[in-house]
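**Student:** Dropping the structure in here first, questions after.
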Amino acid sequence: MDKPEKEKPQKKGMARLLELSSRKKGLVICSCVLAILSVAVSFAPFIAIYYIIRELVVHFADLGALDTAYMIDLGWLAAGGAIAAILLNFLALMCSHFAAFRTQYELKLEFAEHIASLPLGFHSANSTGKLRKIVDENIEKLEGFVAHQLPDMAGSFAMPIFTLVVLFLFDWRLGLASLVPILAAYLIQMAAYGGDKAQKFVKKYQDSLEDLNNASVEYVRGISVVKAFNQTIYSFRRFHETITDYGQFVKSYTMSFEKYMAAFMVIINHVYVFLIPVIILIAGGAEDYAAFALAAIFYIVFSFSLATPFTKLMYVSSLSTQISDGIERMDRILAVEPLPEAAHPETTTDYSTSFEDVVFSYMSEEEGETAALDGVSFVARQGEVTALVGPSGSGKSTIAHLIPRFYDVDEGTVRIGGTDIRDMASDYLMSIVGFVFQDVFLFKQSVADNILIGNRHATREQVVAAAKAAQCHEFIEKLPQGYDTVIGSSGVHLSGGERQRVVIARAILKNAPILVLDEATAFADPENEQKIQLALSELMRDKTVIIIAHRLSTVRGADTILVVDRGRIVEEGTHDALVEADGRYRRMWEQYIGAMDWTLSGAATGPGRLDRSSEETEVYGNVWN
């Protein structure tokens, strides 16, 4: 969608960093002022040393004529300037750290609240590694920018001004000779970090970090599979390739600045090399040789102090570029708008769910628009079971995701009880739709807390009742602390079927009138599957139920079976009617039955049945009735 004309363009780069830093404007300004004052007073020792040397040279022939009190005052000035510079810098960092921590806290909170407000479709399309990097690294680096680099930047930009004053204070010719290498170092720095090449490098560097984060998360989640098959990291190709690519890129990225960095460091640390030839050239024409010698000594000594602030400015510039790119990635997420809410939200007492000529496509930066559904229409009636079957990628999960409005449809309408779901408040819509997916997620909390996610206001008795209905009360009671056992702690781990039943208990406690089941028994063993089916039969009572299934035996008793293929509903009816129709469903059923008759043969194993018998299929297939 086009943005409104009145909307201001998002700031980028340093302007955006300063905008975020100004959230705590008073503390930031105070920090920068103190940093500048710290730089200013840091010149006092050099000036004091100059006048002490001059006093010694002037009275070299008669040391008794030295103004001792004057020299002591200059000594105190030098010591006081050094101490004041340290103290002011400390106070500047205190202010900047207070501002940084508050800014970091607010940004992380805002980012977390924002992604929580986005539809679940956003989270399906964006990896946890990418979002984790933004929260843990990108925003964290902003804290470092405000706490350290911003006061350093203020001091570093103030340094050249004070340096120019000091350089031209005693001898403008030597001051100009000192200024030339400083300007040359600045130009080298700008060439290294200010061009398009550097910007592209930084973006690619951030992309590499995101890929590495995503691959790391995926590898850790799949480590049990890697170890179970006695494989190594090299077998996990994506992770290995990502690490290799990242290493090669970082190496090339670092080496690309080799010449610039070497030239900058050589020049800024050896300003005296430029000074000495100038001193030799003009020394012969000096009217007051003693005064010129003093100035020359001062400039040579002072040149050694130039390296630290200008090197600091170089690192501030390079790090600021990286931080800016990280903040742009955060801003792209913050720019994603939550789904629009109805001005006058509606509710319903009828929970039949219908699709009316629904068209939907996924959008991604990499692949663009990908068609998923094309003209889908059906009705899932309240109190009935509607099953979605079809090959992988046919659009079954997309249909399920559109019911709770993970995404908004491109065309057509999804209705619950005759009301367009876009006219319902998101919180209300989520409260009337329950989910049980094949990918089970349990928090590292107590079993009771995990079940309570379904309804935070439920009593302990209701939690236990839900667990009993979900066929998980028995194994929970055997845990070390029963319902108060923290999952994942002290070696407490649940099997896949047990975890699935805990999730079903959560859904039972929620008691939503619409239930979406996405392959809820896909990874269960026969014993657990039977218990899960019993739990589901309790959960599904009197609800609008939409089931996604690949094993056709689990949906034989469904009231309506919808066959989905390439984003369309190609067949609809009961199991018996669809088998009689001799269409796509019948071919799928025959293939399924054929797969169940597979046998193993060989000396090592002998013949044996691979899958469950037709008698078992009959039991599981009719559990809905």
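No value in this document is a laboratory result; all are computed from the given coordinates. Computed from a predicted model, the values in this text were never measured in an experiment. Positions of Cβ are backbone-derived with ideal geometry, glycine not excepted, and every protein chain shown enters the neighbour counts.
**Student:** Using a 10 Å cut-off on Cβ atoms, rank the peptides 492-504, 339-351, 100-112, 23-35 from the highest mean neighbour count down.
**Tutor:** 492-504, 23-35, 100-112, 339-351
**Student:** In addition: Stretched out fully, how many nm does the piece from L87 to W172 gain, at 0.36 nm a residue minus the Cα gap?
**Tutor:** Length gained between L87 and W172: 27.4 nm.
**Student:** Here's another thing I want to ask about it. Simple spin-label model, 7 Å along Cα-to-Cβ: T459 to S377 in nm?
**Tutor:** Between T459 and S377, the label points sit 4.9 nm apart.
**Student:** Take F157 and A595, extend 7 Å from each Cα along the Cα→Cβ direction, and tell me the distance between the two endpoints in nm.
**Tutor:** 6.5
**Student:** Test of the criteria: in the range 366-429, which GluC sites (Glu not before Pro) are in a DSSP loop and have at most 11 other Cβ atoms within 10 angstrom of their Cβ?
**Tutor:** E366, E367
**Student:** Right, here's the next one. Could you compute the FRET efficiency for A290 and A79, with r as their C-beta to C-beta distance and R0 at 45 Å, rounded to 0.05?
**Tutor:** Efficiency at R0 = 45 Å is approximately 0.95.
**Student:** If a paramagnetic tag sat 7 Å from the Cα of K259 along the Cα-Cβ line, which residues of the range 166-185 would have the backbone N under 17 Å from that point?
**Tutor:** Counting backbone N atoms under 17 Å from the label point, the list is 185.
**Student:** Set the Förster radius R0 to 56 Å, insert the Cβ-Cβ distance between S305 and L534 as r into 1/(1 + (r/R0)^6), and round the FRET efficiency to 0.05.
**Tutor:** Once rounded, the FRET efficiency stands at 0.10.
**Student:** Related question: Given a Förster distance of 60 Å, report the FRET efficiency between F46 and E113 from their Cβ-Cβ distance, rounded to the nearest 0.05.
**Tutor:** 0.70
**Student:** Residue by residue through the range 441-450, what is 3J(HN,Hα) from phi via Karplus (6.51 cos²θ - 1.76 cosθ + 1.60, θ = phi - 60°)? Round to whole Hz and write x for glycine and proline.
**Tutor:** Each residue of the range 441-450 in turn: 10, 10, 6, 7, 9, 5, 4, 4, 5, 5 Hz.
**Student:** Let me ask you something else. Please list, ordered by chain and number, the residues whose modelled amide H lies under 5 Å from the amide H of T485; skip anything fewer than 5 residues away on the same chain.
**Tutor:** Answer set, sorted by chain and number: V447, A448.
**Student:** Amide H neighbours of L118 under 5 Å, counting only residues 5+ apart in sequence or on other chains, H built in-plane at 1.01 Å?
**Tutor:** none
**Student:** Turning to a different aspect of this structure: Treat each spin label as a single point 7 Å out from the Cα along the C-beta direction, and report the Y70 to D331 distance in nm.
**Tutor:** Modelled inter-label distance: 5.7 nm.
**Student:** Give me the extension gain from E580 to H240: residue separation times 0.36 nm, minus the current Cα-Cα distance, reported in nm with one decimal.
**Tutor:** Stretched out fully, the E580 to H240 stretch lengthens by 117.3 nm.
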